[in-house]
Structure formats: structure tokens, C-alpha cells
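> My structure is below; once you've seen it, I'll send some questions.
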Amino acid sequence: MTEKTIKSANRVKDLGEVFTPKKIVNLMLNQPEITAKINDLHATFLEPSAGEGAFLVELLKRKLNVAKAQSKNVKEMQNNFLLALSTLYGIELMEDNVEMLVMNMSNAFQQIYYHTFDLQDQDIRVIKSANVIISANMAQGNALTHKTDTGDPIVFSEWKPVSRGKVQRTEYTFDSIIENGESIGAVQPEYEQMDLFADPEEDTSESQAKEYLPCKWEDIYKRKIK
Ligand SMILES: C[S@@+](CC[C@H](N)C(=O)[O-])C[C@H]1O[C@@H](n2cnc3c(N)ncnc32)[C@H](O)[C@@H]1O
């Protein structure tokens, strides 16, 4: 089947919208520096013009393979599946592309999840939590202005593994990540560096806003606030 890389001539003209064919995606992701990052389950990727996910979906598939290889038991593998997913971020301007992006990420995750785990180990909470991560990490917005269609700032969540197999979710504006670089501002009270652009020395705490409770990876879907 031929791959559809163009939706319309106008969209190519107005948005530069040409989707990357699988073969090129694979060639690019096979670069040794990229492979090294894929093999690091904590390394983050941001695709600022994500389209329907040509790169992010393939990155997800590869990272889930790494999660499989690096996990010692079912529980660790379930957590590592969600960790791997949580490191992938995208921004896309067009709403219809964002819908496809979210759907493609979700389908890829579920397909591999159900193929990997035996029936008795499958946990619907993992799928629900995966979908929350995907919705948070795949942002509709303009990567140049850092704003969404409604004029609000693009916000991303950091998913930081903390003790006892738990995860701490913290939200940051994309503006603060990009503009401050070394000292990113947060929309949440406690802010720490995202892996993406991290300076491990920096640690600041202020502001009053909702703060997510640390939780088990499979409970992310509950979105519990302090
Ligand atoms: C050349 S396509 C590449 C899509 C995808 N990365 C791929 O390889 O298939 C560029 C994409 O960027 C989106 N785009 C254009 N301007 C943008 C902007 N300012 N912010 C975010 N996305 C944008 C377009 O809608 C389009 O989906």
C-alpha cells in the first residue's frame, strides 16, 4: 500500500504539511546518537511539528522494545512501558492532525501492550493511564508562539519516577522550558527540571496551583491532586 504523505496542495503550501515516509523515519532513527537515546528509557524526545506521529509512533515502538528488554518482571515491565511512553512529547498546530496523533500513539501502545502481556497480567489501569499521558504529552499548539488555538500557553507534564515505583507529575509551560532553559518556570508549585532541557543544579519552589500527588504508574489516570 502506498503511504499518504500529503493531504492537500493548500496544506503543503500553508503549513509545509508533508508527512515523512516510514523508510525515511527509520533511516533517521537508526542514527547511532538517536539509538543511544532510545535505549535510555529516561531520555525525552520532543517533536515540535508532530503531524500524525510518523516519528513519535516509531519512537514509541522502539522504546517499548527497550522497556521489554530491560525489565526483570511483569510489574517492572508495566511501569517501564508507561515510563517509556511518558518521555515522548509532541506539538502539532492542526486539530485534525492532533486527533490522529493521539489515536496513533494510543493504538500503537495498546497493540504492543496486549501483544506483550499474558491475559492474566493485562491491567486496564495501564491503558487508561497511558491515554492520560498521551493526552498530556501531545499538545495542540503553535511551536513558534508557544500558544494553543485558544491563546493559552502550551503546557507539558514532567513524569518523574520517584521512590517505590511511583511517579510525580509536574506541569510546566512550554514557554518556561524554552525561554529560561536553565531555570524553567512552572505552572505548578514545586518545580523541577524536565529531562528535556534539564539543568540538574536548578531547583526552585513557588507559586500556588494544583499539585499532583505522587502515585503508582498505573494510577496516573486518577489524576489525584493534593
Ligand atoms: C512537514 S510536516 C511533518 C509532520 C511529521 N513530523 C512527519 O514527519 O510526518 C509539518 C507539520 O508541522 C505542522 N506545523 C506547521 N506549522 C506549525 C507550527 N507553527 N507549530 C506546530 N506545528 C506546525 C503541520 O501542520 C504539519 O503537520
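The values are calculated or read from the model by the stated rules, or taken from the named source; none is laboratory data. Owing to the predicted nature of the structure, the values given are computational and were not obtained by experimental measurement. Note that we place each Cβ from the backbone using ideal geometry, even for glycine, and neighbour counts take in every protein chain shown. Remember, those area values only see protein heavy atoms, side chains included, never the ligands or the DNA or RNA. Shrake-Rupley method; radii C 1.70, N 1.55, O 1.52, S 1.80 Å.
> Could you run through segment 35-58 and say how many residues are acidic (Asp, Glu) and farther than 23 Å from Asn79 by Cβ?
Going residue by residue through segment 35-58, those that are acidic (Asp, Glu) are 40, 47, 52, 58.
Within this subset, residues satisfying the condition of being farther than 23 Å from Asn79 by Cβ are 47, 52.
The number of residues fulfilling the criteria is 2.
To keep it simple, each residue is scored yes or no on (1) assigned to a helix (DSSP H, G or I); (2) polar (S, T, N, Q); (3) open to solvent by 50 Å² or more (accessible area, probe 1.4 Å).
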site	(1), (2), (3)
Glu99	yes, no, yes
Gln120	yes, yes, yes
Lys128	yes, no, yes
Ile133	yes, no, no
Glu171	no, no, no
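> Considering every residue within segment 141-162, establish whether at least one is of a type in the set (A, V, I, L, M) and assigned to a helix (DSSP H, G or I).
Taking segment 141-162 and keeping what is of a type in the set (A, V, I, L, M), we get 143-144, 154-155, 162.
Filter once more, keeping what is assigned to a helix (DSSP H, G or I): none.
No, because not a single residue in segment 141-162 is of a type in the set (A, V, I, L, M) and assigned to a helix (DSSP H, G or I).
> Quick check on my filter: what residues within segment 126-166 are away from the ligand (no atom under 16 Å from the Cβ) and either free of Cβ contacts under 8 Å to residues at least 12 places away in the same chain or of a type in the set (Asp, Glu) (or both)? Give the derivation first.
Step one: of segment 126-166, the residues away from the ligand (no atom under 16 Å from the Cβ) are 126-136, 157-166.
Scanning segment 126-166 gives Glu158, Ser163, Arg164.
> Okay, moving on. Only one residue in Ala50, Ala36 is buried (at least 21 other Cβ atoms within 10 Å of the Cβ), of a type in the set (Gly, Ala, Ser) and either more than 13 Å from the chain's Cα centre (by Cα) or within 15 Å of the ligand (Cβ to nearest atom) (or both), so which one is that?
That would be Ala50, the only listed residue that is buried (at least 21 other Cβ atoms within 10 Å of the Cβ), of a type in the set (Gly, Ala, Ser) and either more than 13 Å from the chain's Cα centre (by Cα) or within 15 Å of the ligand (Cβ to nearest atom) (or both).
> Separate question: Restricting to segment 8-22, name every residue that is part of a loop (DSSP other than H, G, I, E, B), near the ligand (Cβ under 9 Å from one of its atoms) and of a type outside the set (A, V, I, L, M, F, W, C). Talk me through it step by step, then tell me what you get.
First pass over segment 8-22, keeping only residues part of a loop (DSSP other than H, G, I, E, B): 8, 16-21.
Still in the running and near the ligand (Cβ under 9 Å from one of its atoms): 16-21.
Scanning segment 8-22 gives Gly16, Glu17, Thr20, Pro21.
> Would it be correct to say that Ser71 is more than 16 Å from the ligand (Cβ to nearest atom) and either under 11 Å from the mean Cα position of the chain (by Cα) or on the phi > 0 side of the Ramachandran plot (or both)? Let's see the steps before the verdict.
On the way: more than 16 Å from the ligand (Cβ to nearest atom): yes; either under 11 Å from the mean Cα position of the chain (by Cα) or on the phi > 0 side of the Ramachandran plot (or both): no.
Here the answer is no, as Ser71 does not meet what is asked.
> Given the criteria under 19 Å from the mean Cα position of the chain (by Cα), buried (at least 21 other Cβ atoms within 10 Å of the Cβ), of a type in the set (A, V, I, L, M, F, W, C) and within 16 Å of the ligand (Cβ to nearest atom), does Ile91 qualify?
Details: under 19 Å from the mean Cα position of the chain (by Cα): yes; buried (at least 21 other Cβ atoms within 10 Å of the Cβ): yes; of a type in the set (A, V, I, L, M, F, W, C): yes; within 16 Å of the ligand (Cβ to nearest atom): yes.
Judged against the criteria, Ile91 is a match.
> If you don't mind, there's one more thing I want to ask. Among (1) assigned to a helix (DSSP H, G or I); (2) of a type outside the set (Ser, Thr, Tyr); (3) open to solvent by 10 Å² or more (accessible area, probe 1.4 Å), there is one condition Phe109 misses while meeting the rest; what is its number?
The number of the failed condition is (3).
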